[in-house]
Amino acid sequence: MKKILILICLGYVSLIAVNAQVLGVKGGLSFATGRYVIYEFESSSGNLFGVSGGILGEVPLSDALSLGTGISFVKKGARTDVYKIPVRYLEFPINLTYRLDFISWKLFAQAGPYAAAGISAKRKNNVSNKISFGSRASQFKRMDYGINLGAGFEIGNLQIGINYGFGFLNISHAYREVIRNRLLTVSAVYYMEDVGYTLGNLWRSIF
């Protein structure tokens with residue numbers, strides 16, 4: 001399954017590079033605050049710290065609106081009174097972004113759905129137990145879906161933003177156990193204009 005995910009990611013990155021008019025490289029910090037409920041008792045406690053990174057692409061729709069997508073490596077999961085449950089994903093967001101231009105800088109707000117594919121999961125206390133993905137009670141669901149909401153500012157080609165991801169699915173198969181992803185990220189993106197346009201023209205001229 002991991003080989004298939006790698007091939008999908010390579011194809012997705014190539015698609016972004018060819019079709020986007022603006023490409024960005026993203027990095028930041030993440031704070032997973034997933035909701036954990038067992039036998040109807042909520043046991044969420046604190047957050048899981050992580051780092052995130054990825055590649056983004058944008059296509060302008062107007063002077064103020066743009067449509068963006070990309071691929072990001074993120075750490076989600078939950079922290080309970082007993083366990084830490086880190087789950088690492090490759091996330092594929094689609095965001096509609098609105099910008100307010102103040103000449104030398106910009107404000108932006110964005111929102112959109114995401115799909116994420118799990119690549120590793122653990123349940124930790126004094127020992128660390130690996131959790132696989134599948135349909136058994138001891139396994140997690142590989143796919144997660146939800147919505148992202150974000151805002152921030154831009155100066156030149158640099159964007160600083162904050163984003164909150166709200167997962168819709170219970171990723172656990174265990175009886176009366178509920179784990180839903182929640183993720184706060186603070187990130188920086190450096191955009192390279194016209195790179196996607198140039199790569200797209202090169203791709204079309206070759207093929």
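The values are calculated or read from the model by the stated rules, or taken from the named source; none is laboratory data. Just so we're clear, the structure is a prediction, and the values are computed from it rather than from any experiment. Methodologically, a virtual Cβ is constructed for each residue, glycine included, from the backbone with ideal geometry; neighbour enumeration extends over all protein chains shown.
If the condition is being assigned to a strand (DSSP E or B) and charged (D, E, K, R), then the stretch 150-178 contributes 154, 177.
Restricting the stretch 171-192 to residues that are touching an Asp or Glu at 6+ places or on another chain (Cβ under 8 Å) and either surrounded by 17 or more Cβ atoms within 10 Å (Cβ to Cβ) or of a type in the set (Asp, Glu) (or both) leaves a set whose member that is farthest from residue 31 (Cα to Cα) is 191.
Taken as a whole, the structure leaves residue 119 outside the set of residues that are within 24 Å of residue 72 (Cβ to Cβ) and at pLDDT 95 or above. Taking residue 162 as meeting all but one of (1) among the hydrophobic types (A, V, I, L, M, F, W, C); (2) surrounded by 14 or more Cβ atoms within 10 Å (Cβ to Cβ); (3) modelled with pLDDT of 95 or more, write down the number of the exception. All conditions pass for residue 162, except number (2). Every condition in (1) assigned to a strand (DSSP E or B); (2) modelled with pLDDT under 95; (3) over 12 Å from the mean Cα position of the chain (by Cα); (4) closer than 30 Å to residue 65 by Cβ is met by residue 199 except one, and the failing one is (1). For beta carbons closer than 6 Å, sequence separation of 6+ or different chains, a first residue in the stretch 113-138 that is closer than 30 Å to residue 97 by Cβ and a second that is acidic (Asp, Glu) and surrounded by 11 or more Cβ atoms within 10 Å (Cβ to Cβ), the qualifying pairs are 114/91; 116/91; 116/144. Picking from residues in the stretch 78-132 that are acidic (Asp, Glu) and part of a strand (DSSP E or B), the one that is farthest from residue 148 (Cα to Cα) is 101. Within the option set 160, 179, being farther than 22 Å from residue 120 by Cβ and under 19 Å from the mean Cα position of the chain (by Cα) holds for one residue only, 160. Evaluating residue 77 against the criteria (1) under 26 Å from residue 158 (Cβ atoms); (2) in contact with a Pro (Cβ under 6 Å, 6 or more places away or on another chain) leaves one unmet condition, (1).
Residue count for the stretch 36-46 satisfying the condition of being touching a strand residue (DSSP E or B) at 6+ places or on another chain (Cβ under 6 Å) and modelled with pLDDT of 85 or more: 3. For residue 134, are the conditions met, namely being of a type in the set (Gly, Ala, Ser) and surrounded by 18 or more Cβ atoms within 10 Å (Cβ to Cβ)? Considered against the rule, which asks whether it is of a type in the set (Gly, Ala, Ser) and surrounded by 18 or more Cβ atoms within 10 Å (Cβ to Cβ), residue 134 comes out as no.
With 90, 107, 149 as the choices, which residue is modelled with pLDDT of 95 or more and within 18 Å of the chain's Cα centre (by Cα)? Can you show your working first?
Working: 90 fails: modelled with pLDDT of 95 or more; 107 fails: within 18 Å of the chain's Cα centre (by Cα).
Checking each option against the conditions leaves just 149.
For the stretch 41-97, a tally of residues being touching a helix residue (DSSP H, G or I) at 6+ places or on another chain (Cβ under 8 Å), within 18 Å of residue 183 (Cβ to Cβ) and surrounded by fewer than 17 Cβ atoms within 10 Å (Cβ to Cβ) returns 0. Applying the condition of being in a strand (DSSP E or B) and modelled with pLDDT of 90 or more to the stretch 47-65 and asking which residue is farthest from the chain's Cα centre (by Cα) yields 65.
Within the stretch 19-35, can one find any residue that is at pLDDT below 90, surrounded by fewer than 16 Cβ atoms within 10 Å (Cβ to Cβ) and touching a Gly at 6+ places or on another chain (Cβ under 7 Å)? Yes, because at least one residue in the stretch 19-35 is at pLDDT below 90, surrounded by fewer than 16 Cβ atoms within 10 Å (Cβ to Cβ) and touching a Gly at 6+ places or on another chain (Cβ under 7 Å).
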